[in-house]
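K.L.:
Handing you this structure, nothing more for now.
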Amino acid sequence: MNTVLHSLRCMGYAELTRIADVTGSTPSEVESDLIDLAVDGFVVRTPPPFPTWGLTEAGKAEDARQVLDEVSKAGVRDDVLSAYKKFLILNPELLDLCSAALDEDLETARVLARFEDLDKRAEPICSSLAAALPRFGAYSVRLGAALDRARSGEREYLASATDSYHGVWFQLHEDLLATLGIPR
C-alpha cells in the first residue's frame with residue numbers, strides 16, 4: 001500500500017512537509033512519490049501561494065483498492081471493525097472535549113486532564129489496531145505528541161492546531177472509515 005496516497009486520503013489536502021511528518025518520510029522522498037502519483041493521475045497539486053497536494057477521484061479509487069487488498073491479505077477486517085465500534089463510543093466524548101478546549105473560560109489543566117483520561121481509554125483501541133495493521137501504530141504516537149505539546153502549554157494542540165489531538169483523531173477516524181470501506 002502506498003503510504004503517501006493513503007495519508008492524503010486520511011488528511012485531505014496537505015502541504016509537502018506535513019505529508020512527510022505524517023508518513024515518517026523525508027520531504028524529498030514524499031515529493032518524489034507525489035510526482036509519480038501525479039503522473040499516474042492519482043494526486044493533484046494546488047498552485048502557489050499555498051501549494052498543497054490532494055487526491056483525485058482516481059486516487060481515491062486506487063487507495064480504496066489498495067486498502068481492500070491490504071485488509072483481505074491480512075485477514076483483519078473483523079479486528080478493525082471491533083476496534084472501530086469501540087472508537088465510536090469515545091468519539092462523541094472527544095467532540096465534547098474539543099468544544100471545551102476551545103472555550104478559553106475553562107481551566108486548561110482541567111480540560112487537559114479530561115483529554116488524558118480519554119487518551120488512556122483510546123490507547124487499547126490504538127494498540128489493537130496496530131496489532132491488526134502496523135500502519136495504525138503511528139496514531140498512538142501522534143496523539144501522545146499532541147498531548148505532550150498541550151502539557152507544555154500549547155493548548156492549541158488539544159483541538160485547533162493542524163496536528164492537534166483532534167486533528168490526529170479525525171485522521172484516525174478517516175483511516176478507519178477508509179479501511180472498512182464505510183462512506184462518511
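K.L.:
Of the listed peptides 83-91, 124-132, what is their order by residue-averaged count of other C-beta atoms within 10 Å, with the highest listed first?
P.N.:
In decreasing order of mean packing, 83-91, 124-132 become 124-132, 83-91.
K.L.:
Please compute the modelled spin-label separation between E70 and L16, points set 7 Å along Cα→Cβ, answer in nm with one decimal.
P.N.:
Here the answer is 2.4 nm between the modelled labels.
K.L.:
Which Cα, out of Y157, A130, A113, lies furthest along the positive dipole direction of region 77-180 (beta carbon charges, K/R +1, D/E -1)?
P.N.:
Most positive-ward Cα: A130.
K.L.:
For the chain, what % of the accessible area comes from carbon and sulfur atoms, probe 1.4 Å?
P.N.:
Working: 5150 of 9350 Å².
Within the chain, the accessible surface is 55 percent carbon and sulfur.
K.L.:
Ranked from the most accessible area to the least, with a 1.4 Å probe and all protein chains present, what is the order of F42, F170? Walk me through the numbers on the way to the answer.
P.N.:
Details: F42 40, F170 90 Å².
Most to least solvent-accessible, the answer reads F170, F42.
K.L.:
For V43, what residues show an amide H to amide H distance below 5 Å, using hydrogens built from the backbone and excluding near sequence neighbours?
P.N.:
A38, T56
K.L.:
Compute the accessible area per residue over the chain, keeping the other protein chains in place, probe 1.4 Å, unit Å².
P.N.:
Numbers: 9350 Å² over 184 residues.
Dividing the accessible area of the chain by its residue count gives 51 Å².
K.L.:
Let me ask something additional. Might you work out the accessible area of D40 for me, using a 1.4 Å probe with all protein chains in place, and round it to the nearest 10 Å²?
P.N.:
100 Å²
K.L.:
Tell me the angle of helix 137-151 to the major Cα principal axis of the chain, expressed in degrees between 0 and 90 and rounded to the nearest ten.
P.N.:
Roughly 40 degrees, rounded to the nearest 10.
K.L.:
Here's another thing I want to ask about it. Pop the C-beta distance of E57 and S127 into the FRET formula with R0 = 41 Å and round what comes out to the nearest 0.05. Could you put the intermediate results ahead of the total?
P.N.:
Details: r = 34 Å, r/R0 = 0.83.
It comes to 0.75.
K.L.:
Cα-Cα pairs above 21 Å in region 32-169: how many percent? Spell out each step's value before the answer.
P.N.:
On the way: 5267 of 9453 pairs.
Counting every Cα pair in region 32-169, those more than 21 Å apart make up 56 percent.
K.L.:
Right, next: Would you kindly derive the ³J(HN,Hα) couplings of region 13-28 from the backbone phi angles with the Karplus curve 6.51 cos²θ - 1.76 cosθ + 1.60 (θ = phi - 60°), listing them in order in whole Hz, with x for Gly and Pro?
P.N.:
6, 8, 6, 3, 5, 5, 4, 4, 4, 5, 7, x, 10, 7, x, 5
K.L.:
Could you work out how much longer the chain between S152 and I182 gets when fully extended? Use 0.36 nm per residue separation minus the Cα distance between them, nm to one decimal. Display every interim value, and only then the final one.
P.N.:
On the way: separation 30, 0.36 × 30 = 10.80 nm, distance 3.66 nm.
Full extension of this stretch gives 7.1 nm more.
K.L.:
If you build the Cα gyration tensor of region 65-125 and take the root of 5 times each eigenvalue, what three semi-axes come out, in whole angstrom, biggest first? Could the numbers behind the result be given before it?
P.N.:
Values: eigenvalues 218, 26, 15 Å².
Working from the Cα gyration tensor, I get semi-axes of 33, 11, 9 Å.
K.L.:
Placing +1 at every Lys and Arg Cβ and -1 at every Asp and Glu Cβ, with all other atoms neutral, what dipole size does region 75-184 have around its Cα centre, in debye to the nearest 20?
P.N.:
Approximately 440 debye in magnitude.
K.L.:
To the nearest 20 debye, what charge dipole does the chain have about its Cα centre, counting +1 at the Cβ of each Lys and Arg and -1 at the Cβ of each Asp and Glu?
P.N.:
Numbers: 19 positive and 30 negative charges, 85 e Å.
Computed about the Cα centre, the dipole is about 400 debye.
K.L.:
Let me ask you something else. Per residue of region 159-165, in order, report the coupling 6.51 cos²θ - 1.76 cosθ + 1.60 (Karplus, θ = phi - 60°) as ³J(HN,Hα) in whole Hz, putting x for Gly and Pro.
P.N.:
Values, residue by residue: 9, 10, 5, 3, 9, 5, 4 Hz.
K.L.:
Could I have the simple spin-label model distance between E116 and A161, label points 7 Å from Cα toward Cβ, reported in nm to one decimal?
P.N.:
About 1.8 nm separates the two model spin labels.
K.L.:
In debye to the nearest 20, how big a dipole does region 77-130 give about its Cα centre with +1 on each Lys and Arg Cβ and -1 on each Asp and Glu Cβ?
P.N.:
360 debye
The values are calculated or read from the model by the stated rules, or taken from the named source; none is laboratory data. Note that the coordinates shown come from a computational prediction; the quantities given were computed from them, not determined experimentally. When we count neighbours, we look across all protein chains shown, and the Cβ atoms used for this are built from the backbone with ideal geometry, even at glycine. Accessible surface is based on the protein model in full, side chains and every heavy atom, while ligands, DNA and RNA are left aside. Shrake-Rupley method; radii C 1.70, N 1.55, O 1.52, S 1.80 Å.
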